[in-house]
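J.: Okay, here's the structure, questions in a sec.
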Amino acid sequence: MEFSIKSGSPEKQRSACVVVGVFESRRLTLAAELLDKAAGGYIGDIVRRGDMEGKSGTTLLLHKVPGTLCDRVLLVGLGKEKDFREKEFTQAIRAAIKALHETGALDASIFLTELAVKKHDIAWRIRQTVIAARDATYRFEQFKSKKDENRRSLRRLTLGVERRNELAQAEEALIQGQAIAAGMALAKDLGNLPANVCNPAYLASRAQALADELGLECEILERADMEKLGMNALLSVANGARQPPKLIVLGYRGARINDKPLVLIGKGITFDSGGISLKPGADMDEMKYDMCGAASVLGALAAAARMKLSLNLKAIIPASENMPGGNASRPGDIVTSLSGQTIEILNTDAEGRLLLCDALSYAERFDPDTVIDVATLTGACAVALGGVASGLFANRDNLARDLIAAGDEAHDRVWHLPLWDDYQELLKSPFADMANVGGRWAGAVTAACFLSRFAKKFDWAHLDIAGTAWKSGKDKGATGRPVALLAHYLLQRAGKLN
């Protein structure tokens, strides 16, 4: 879909459809009022008769509205004016895009971007409109033998800006929104691919292709390279799989060469059977999504490069399958990590932290400013927070506050969970420096405590996205989260957010 910005009156738009809003009080927005005035009260009469009550997410399509130059007018319900917030705004955009697709209109002008949303400026509204529109139109159909090639879909969307002095800010926000939306689409594509396609080698090839496209640095470490380094925690996960592991390292340079980089680490388990600690068969097909941390890191890095942010970034993706082969790690095995710390593997289904701990140690060589790891790490986090918020852990409160603020701005929210030393006791092992699990209680917390032992040399945060990266049920699929959160954090660090 193509996007553009325009300042102009809705009644003068020559397009297949003009989109305006109506509140539940039946009050028309300014753009709707202008259309109504041009139409001699035609729209107001329809609203007063009750054909459009303005409830959030509802729509009403009008044809041949007098006094206008467009083919159709789409009225979108905004809900109660006093309750109009981020959620209602994005819900209105999604409802509009869905209705536009059903009309078969090839282009439309949307005047919902002029609506005031508390604590948010025009740049936020433009970014969120683009992200919501791209998300609402996302389809993953590449493995379907029959596609509806005759389906007419929305190709061009013009976003209305009320004041001409907002155009420059809106244009920049449009670029940002498109970059973030493209990053989310990449993350969803990778998360939705089956494991017989998206294996560690495939992830590495996509990373290399992204590097070639965007001018990024790229290095792929093979098993022999990892053996030489002593990444035995990571390799212990890969031992049961026929697919060889990869350590993918990407670099984006947008600042001075001496500026310390921000490092993003993404868990890349392309299929998680649980290993010898085998998972139940029900819903195991969804374990292809265990590489959504890696996918989101690739999406966020691509977004940063497309936005040309003044930052230096590194992305580290440890990629492997976790399979129950004859050479697989067994419960009770002890391995020595890259850091030199030893780990007793009590549960082979707690494999993600074994990849991440070696990746965290590997990040030290870049002398990072900040390190953020992203992982579908624990079912415990999904149970605690569901699909609404990702779990956040950090060894610096100011870093946690920055990520919370970025999540609120992106409407891709996180919840700060404790990383207290009291929980470290649960990881004690009589045979090694630590166990890889802490027992039944506080599973998300003890997983983060485990990782914190490898992140003492830098500012570090951990995002547990087990509940937010994937949606189950009849509409199951990858969500693209937390690309938006990470991208907004990077915008914040680059001084591009107010």
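The values are calculated or read from the model by the stated rules, or taken from the named source; none is laboratory data. Not measured: the values here are computed from a predicted model. Every residue, glycine among them, receives a Cβ derived from its backbone with ideal geometry; neighbour counts consider all protein chains shown. Please note that ligands, DNA and RNA were not included when accessible areas were found on the heavy atoms of the full protein model with its side chains. Shrake-Rupley method; radii C 1.70, N 1.55, O 1.52, S 1.80 Å.
J.: Starting from segment 179-208, keep only residues that are in contact (Cβ under 8 Å) with a residue 12 or more places away in the chain, then list their pairs with residues that are among the small types (Gly, Ala, Ser) and surrounded by fewer than 22 Cβ atoms within 10 Å (Cβ to Cβ) whose Cβ atoms are within a distance under 8 Å, requiring at least 6 positions of separation or different chains.
T.: So the pair list comes out as LYS188/GLY477; GLY191/GLY477; ASN192/GLY477.
J.: So, in segment 256-277, exactly how many residues are hydrophobic (A, V, I, L, M, F, W, C) and modelled with pLDDT under 95?
T.: Residues that pass the stated criteria total 1.
J.: Pairs only if they're at least six apart or on different chains, beta carbon under 6 angstrom, first in segment 329-341 and hydrophobic (A, V, I, L, M, F, W, C), second part of a loop (DSSP other than H, G, I, E, B); list them, first residue then second.
T.: Pairs that qualify, where the first residue is hydrophobic (A, V, I, L, M, F, W, C) and the partner is part of a loop (DSSP other than H, G, I, E, B), are ILE334/ALA432; LEU338/GLY230; LEU338/MET231.
J.: In this structure, is GLY391 open to solvent by 10 Å² or more (accessible area, probe 1.4 Å) and outside any helix (DSSP H, G or I)? Outline the logic, then answer.
T.: On the way: open to solvent by 10 Å² or more (accessible area, probe 1.4 Å): no; outside any helix (DSSP H, G or I): yes.
Against the criterion (open to solvent by 10 Å² or more (accessible area, probe 1.4 Å) and outside any helix (DSSP H, G or I)), GLY391 does not qualify.
J.: Which residues, counting only those in segment 56-71, are assigned to a loop (DSSP other than H, G, I, E, B) and of a type in the set (Val, Ile, Thr)?
T.: Selection gives THR58, VAL65, THR68.
J.: A further question follows. Do we find a residue being open to solvent by less than 10 Å² (accessible area, probe 1.4 Å) and not in a loop (DSSP other than H, G, I, E, B) anywhere in segment 44-55?
T.: yes
J.: Here's another thing I want to ask about it. With respect to SER25, is the statement that it is under 35 Å from the mean Cα position of the chain (by Cα), within 19 Å of GLY160 (Cα to Cα), open to solvent by 10 Å² or more (accessible area, probe 1.4 Å) and at pLDDT below 95 true?
T.: Details: under 35 Å from the mean Cα position of the chain (by Cα): yes; within 19 Å of GLY160 (Cα to Cα): no; open to solvent by 10 Å² or more (accessible area, probe 1.4 Å): yes; at pLDDT below 95: yes.
Answer is no for this residue.
J.: Would segment 357-377 turn up any residue that is under 23 Å from MET287 (Cα atoms) and small (Gly, Ala, Ser)?
T.: yes
J.: Next up: Does any residue of segment 409-422 turn out to be modelled with pLDDT of 95 or more and closer than 21 Å to SER361 by Cα?
T.: Yes, some residue in segment 409-422 is modelled with pLDDT of 95 or more and closer than 21 Å to SER361 by Cα.
J.: Among (1) of a type in the set (A, V, I, L, M, F, W, C); (2) within 17 Å of ASP373 (Cα to Cα); (3) surrounded by fewer than 18 Cβ atoms within 10 Å (Cβ to Cβ), where does TRP441 come up short?
T.: (2)
Yes or no, residue by residue, for (1) aliphatic (A, V, I, L, M); (2) within 27 Å of the chain's Cα centre (by Cα); (3) modelled with pLDDT of 95 or more:
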{"position": "LYS308", "(1), (2), (3)": "no, yes, yes"}
{"position": "ALA315", "(1), (2), (3)": "yes, yes, yes"}
{"position": "ARG330", "(1), (2), (3)": "no, no, yes"}
{"position": "GLY340", "(1), (2), (3)": "no, no, yes"}
{"position": "ILE345", "(1), (2), (3)": "yes, no, yes"}
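J.: Does LEU157 fit the bill of being buried (at least 22 other Cβ atoms within 10 Å of the Cβ) and either in contact (Cβ under 8 Å) with a residue 24 or more places away in the chain or part of a helix (DSSP H, G or I) (or both)?
T.: On the way: buried (at least 22 other Cβ atoms within 10 Å of the Cβ): yes; either in contact (Cβ under 8 Å) with a residue 24 or more places away in the chain or part of a helix (DSSP H, G or I) (or both): yes.
Criteria met by LEU157.
J.: Report whether or not VAL73 is more than 21 Å from ALA173 (Cα to Cα), out of contact with any Pro (no Cβ under 8 Å at 6 or more places or on another chain) and either crowded, with 18+ Cβ neighbours inside 10 Å or of a type in the set (Lys, Arg) (or both).
T.: Judged against the criteria, VAL73 is a match.
J.: Could we say that GLU141 is within 27 Å of the chain's Cα centre (by Cα), among the acidic types (Asp, Glu), surrounded by fewer than 19 Cβ atoms within 10 Å (Cβ to Cβ) and not in a loop (DSSP other than H, G, I, E, B) here?
T.: no
J.: Please count how many residues of segment 266-282 are of a type in the set (Val, Ile, Thr), in contact with a Lys or Arg (Cβ under 9 Å, 6 or more places away or on another chain) and within 23 Å of ALA294 (Cα to Cα).
T.: Final tally of qualifying residues: 1.
J.: Which residue is nearest to the chain's Cα centre (by Cα), if the candidates are limited to segment 424-438 and must be polar (S, T, N, Q) and either loosely packed, with under 15 Cβ neighbours inside 10 Å or more than 20 Å from THR376 (Cβ to Cβ) (or both)? Before you say what the answer is, go through the steps one by one.
T.: Filtering segment 424-438 for residues polar (S, T, N, Q) gives 424, 429, 436.
Filter once more, so that each one left must be either loosely packed, with under 15 Cβ neighbours inside 10 Å or more than 20 Å from THR376 (Cβ to Cβ) (or both): 424, 429.
Working: GLN424: 30, SER429: 36 Å.
Top of the filtered list is GLN424.
J.: Test LYS98 against the stated conditions and say whether it is charged (D, E, K, R), open to solvent by 10 Å² or more (accessible area, probe 1.4 Å), in contact (Cβ under 8 Å) with a residue 12 or more places away in the chain and more than 25 Å from LEU193 (Cα to Cα). Please lay out each step first, then the result.
T.: Working: charged (D, E, K, R): yes; open to solvent by 10 Å² or more (accessible area, probe 1.4 Å): yes; in contact (Cβ under 8 Å) with a residue 12 or more places away in the chain: yes; more than 25 Å from LEU193 (Cα to Cα): no.
No, not satisfied.
J.: Another question, if that's okay. Do we find that ALA380 is out of contact with any Gly (no Cβ under 7 Å at 6 or more places or on another chain) and of a type in the set (A, V, I, L, M) in this structure?
T.: The answer is no for ALA380.
J.: Check ASP459, ASP464 and return the single one that is buried (at least 24 other Cβ atoms within 10 Å of the Cβ) and acidic (Asp, Glu).
T.: ASP464
J.: Which numbered condition in (1) open to solvent by 70 Å² or more (accessible area, probe 1.4 Å); (2) part of a loop (DSSP other than H, G, I, E, B); (3) β-branched (Val, Ile, Thr) is the only one that THR113 fails?
T.: So THR113 meets the others, but not (1).
J.: Identify, from the list ALA444, ALA455, ALA448, ALA466, the residue that is under 18 Å from ASP290 (Cα atoms), in a loop (DSSP other than H, G, I, E, B) and in contact (Cβ under 8 Å) with a residue 24 or more places away in the chain.
T.: Numbers: ALA444 fails: in a loop (DSSP other than H, G, I, E, B); ALA455 fails: under 18 Å from ASP290 (Cα atoms); ALA448 fails: in a loop (DSSP other than H, G, I, E, B).
Of the residues listed, the single one that is under 18 Å from ASP290 (Cα atoms), in a loop (DSSP other than H, G, I, E, B) and in contact (Cβ under 8 Å) with a residue 24 or more places away in the chain is ALA466.
J.: All but one of (1) open to solvent by 10 Å² or more (accessible area, probe 1.4 Å); (2) within 30 Å of LYS496 (Cα to Cα) hold for ALA108; which doesn't?
T.: Against the list (1) open to solvent by 10 Å² or more (accessible area, probe 1.4 Å); (2) within 30 Å of LYS496 (Cα to Cα), ALA108 comes up short only on (1).
J.: Could you look through segment 313-360, keep only residues that are open to solvent by 20 Å² or more (accessible area, probe 1.4 Å), acidic (Asp, Glu) and outside any strand (DSSP E or B), and pick out the one that is nearest to GLY251 (Cα to Cα)?
T.: Residue satisfying both the conditions and the ranking: ASP349.
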